[in-house]
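Below is one structure; the comments refer to it alone.
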Amino acid sequence: MRLLNLFKIAFKAIVLNKMRTLLTMLGIIIGVASVIAMLAIGEGSKESIRENISAMGSNIITIRPATTTSSGVRPSAAEMQTLTLKDYEAVKDQATFLSYATPLVNGGGQVINGSNNWPSTIYGVNPDYLKIKVVDLQSGSMFTDTEVKTAAKVALIGQTVVDNVFPDGQDPIGQMIRFNNIPFKVIGVLEVKGENTFGQDQDDVVIAPYTTVQKRILAIDYINQIMASAVSEDDAPNAVTEVSEIMRIQHKISNGNNDDFSVQSMEELISTFSSTSEMLTLLLVAVASISLLIGGIGIMNIMYVSVKERTKEIGLRMAVGAKGADILMQFLIEAILISITGGVLGVLLGLSATVFIENFLNWPTSVTLFSIVISFAVCAVTGIFFGWYPARKASALDPITALRYE
Amino acid sequence: MEDKDNMMSKKIIKIEDLKREFTMGAETVRALRGISFTINEGEFVTIMGSSGSGKSTLLNILGCLDQPTSGLYEIDGLKVKDLSRNELATIRNEKIGFIFQSYNLLARTSAIENVELPLIYNSKVSTEERRDRAIKALKMVGLENRMDHTPSQLSGGQQQRVAIARSLVNNPVMILADEATGNLDTRTAYEIMSIFQDLNKQGITIAFVTHEPDIATFSSRTIVLKDGKVIKDDLNQDVQSAAEQLAKLPKQDD
């Protein structure tokens, strides 16, 4: 038995039935291509989520009020007024895994400059905010601790706000704007950050001392959240535990009772989103795998037809000396050739589809070598698996019966 | 003839009390009921008999496609009994050349590739040798100009000649022909018989199954089967030349 000869025979059989072979391959091609494209989309979205969240500051830790049931009513978290500046001070003073922290109050309103106005959100923070969010300034400077203490009416604005309230391109630094009719002096412009993962425009902000926002705009004495940054990304989980401890003591929450706050790190957010997109990827790949399976059944079907219509040929080959193993190999090689060729074409189609998706649909994609290797291996196995039975059947034919077959 | 038989006494086929029974449900069909004969090297034997006489069964056994129920069968000194499927395949590959009534050429495959076929399954033969031997075999049947033609581009007689070349290519000890002229008109049949006679003159042993008495006159010996038994086994005293008979046939009117 010479493998090369059997290879030639199988190749010839394929060439003689080009159209049929191509149609058979189509199942495999589509299967492999979709597996590769789906994995690329899944991997791409996972990476882009990770990147985006990291860009928002990967060691950020936020402390928000959480809903608890009080006298049977469960208020929404945003309405909770349980977080105070005392909490902030306690966290700042006691936590060892945190490098920066700021109280945060925020509210919506209209930014007005002369006849131009723009709806935006104002964030009241302390000067550490820029370090926590890893934001730089394009121009101007951050307000100082003194300005926080005196509740100075100074503000920094994002590029979107600049574009809308200073449409003539004049330098906003030193200009006066009004936010909900409270005048602010613009002292800085934030660098452009673009949209975040959730499609939120990170440049559509006004930043001012939290004292100013609390007193003059919102007229509240509680805070909406505490934002802090862990010493390092690795210490984020420790920081979360530590902050939770401090907060529990601060809010006098005994063991077994629910916290009235929630502490979340970016890392958790990343893994939450990653696992969601992983689930989605798994689902997509499962669907794609079904088409690969159907492709395999297509091969089995066509191999059955091939064996049947070449029964007489098989008989002749056996009569002139082909052993059962020769016939088995001939048809097995044919099936594998179909599936592997289909696999190669499928990989190419999958890669082109990925490029198309990336460039024309603007979805993030990322092709991994793993996805190519795995779908290719599945292909070869499909060929062997679905080619085996028909090939086995051919090799077990009785030469006399096969020769007489019409 | 006597001289020839004495000179070439090597036994190619030796059959003793060969029996073959088939079980069809509860019934046992006795296709061969104990036949014995030997075929020596260089003989041209026709095996005749009506349908159901057992000649196909005998041919299958001679061709190592089937095994006898009992009795002895030796080909070229090899006992064909209790051999595995693979061992039988090797004997067919190295010792026997098959020719069929319906040619059995591979469709859409060139004449030379068809002739090469048996050698593909012989790992001792290299690609170059395979091609050389196929060319030589095609020359022996006069088809050296049709090597790249596919069966559909060849006439029935030419197709059968390709099949003859295929049966020669592995240098078999014996050529087994099953109604090799059955699908051909008289003229073409005689042409084919003349090729067989030429090959036989070169020393090739031929066993030729037919039911046409005129074909049998071209062979040196005729074995007649009836109901699974040999009823006649005669040397042909008056061997006709197929080439001469061909010349005597009325010219085709074109």
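The values are calculated or read from the model by the stated rules, or taken from the named source; none is laboratory data. Only a predicted model underlies this, so the values are computations on that prediction, with no experimental measurement involved. Ideal geometry is used to build each Cβ from the backbone, glycine not excepted, and the neighbour counts take in all protein chains shown. To get the accessible areas, we keep the full protein, side chains included, count just its heavy atoms, and leave off ligands, DNA and RNA. Shrake-Rupley method; radii C 1.70, N 1.55, O 1.52, S 1.80 Å.
What the table shows:
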{"item": "Flag for A:P172 being without any contact (Cβ under 8 Å) to a residue 60 or more places away in the chain, farther than 30 Å from A:A230 by Cα, of a type outside the set (A, V, I, L, M, F, W, C) and open to solvent by less than 50 Å² (accessible area, probe 1.4 Å)", "result": "yes"}
{"item": "B:D76 more than 14 Å from chain A (Cβ to nearest Cβ) and of a type in the set (D, E)", "result": "yes"}
{"item": "Single condition A:S339 does not satisfy, out of (1) under 35 Å from the mean Cα position of the chain (by Cα); (2) in contact (Cβ under 8 Å) with a residue 40 or more places away in the chain; (3) open to solvent by 60 Å² or more (accessible area, probe 1.4 Å)", "result": "(3)"}
{"item": "Residue match in the stretch A:209-217 (condition: open to solvent by 70 Å² or more (accessible area, probe 1.4 Å) and of a type in the set (A, V, I, L, M, F, W, C))", "result": "no"}
{"item": "Residue match in the stretch A:351-358 (condition: more than 14 Å from chain B (Cβ to nearest Cβ), under 25 Å from A:I314 (Cβ atoms) and touching a Ser or Thr at 6+ places or on another chain (Cβ under 6 Å))", "result": "no"}
{"item": "Yes/no for A:T382 being buried (at least 17 other Cβ atoms within 10 Å of the Cβ), more than 14 Å from chain B (Cβ to nearest Cβ) and not in a helix (DSSP H, G or I)", "result": "no"}
{"item": "Check on B:E21, away from chain A (no Cβ under 14 Å), at pLDDT 90 or above and over 20 Å from B:E179 (Cα atoms)", "result": "yes"}
{"item": "Some residue of the stretch A:227-245 being open to solvent by less than 70 Å² (accessible area, probe 1.4 Å), in contact with an Asp or Glu (Cβ under 8 Å, 6 or more places away or on another chain), in the same structural domain as A:G387 (by TED's automatic domain parsing) and of a type in the set (S, T, Y)", "result": "no"}
{"item": "Residue list for the stretch A:357-376, filter: out of contact with any helix residue (DSSP H, G or I) (no Cβ under 9 Å at 6 or more places or on another chain) and not in a loop (DSSP other than H, G, I, E, B)", "result": "A:N359, A:F360, A:L369, A:V373"}
{"item": "Selection count, the stretch A:183-197, where residues are β-branched (V, I, T), in contact with a strand residue (DSSP E or B) (Cβ under 8 Å, 6 or more places away or on another chain) and either closer than 20 Å to A:K215 by Cβ or open to solvent by 20 Å² or more (accessible area, probe 1.4 Å) (or both)", "result": "3"}
{"item": "Wholly enclosed strands (runs of 3 or more DSSP E) of the stretch B:27-107 bearing at least 2 residues of a type in the set (V, I, T) and open to solvent by less than 40 Å² (accessible area, probe 1.4 Å)", "result": "B:27-40, B:44-48, B:96-99"}
{"item": "Residue within the stretch A:26-39 that is out of contact with any Phe, Trp or Tyr (no Cβ under 9 Å at 6 or more places or on another chain), surrounded by fewer than 16 Cβ atoms within 10 Å (Cβ to Cβ) and modelled with pLDDT of 80 or more present", "result": "yes"}
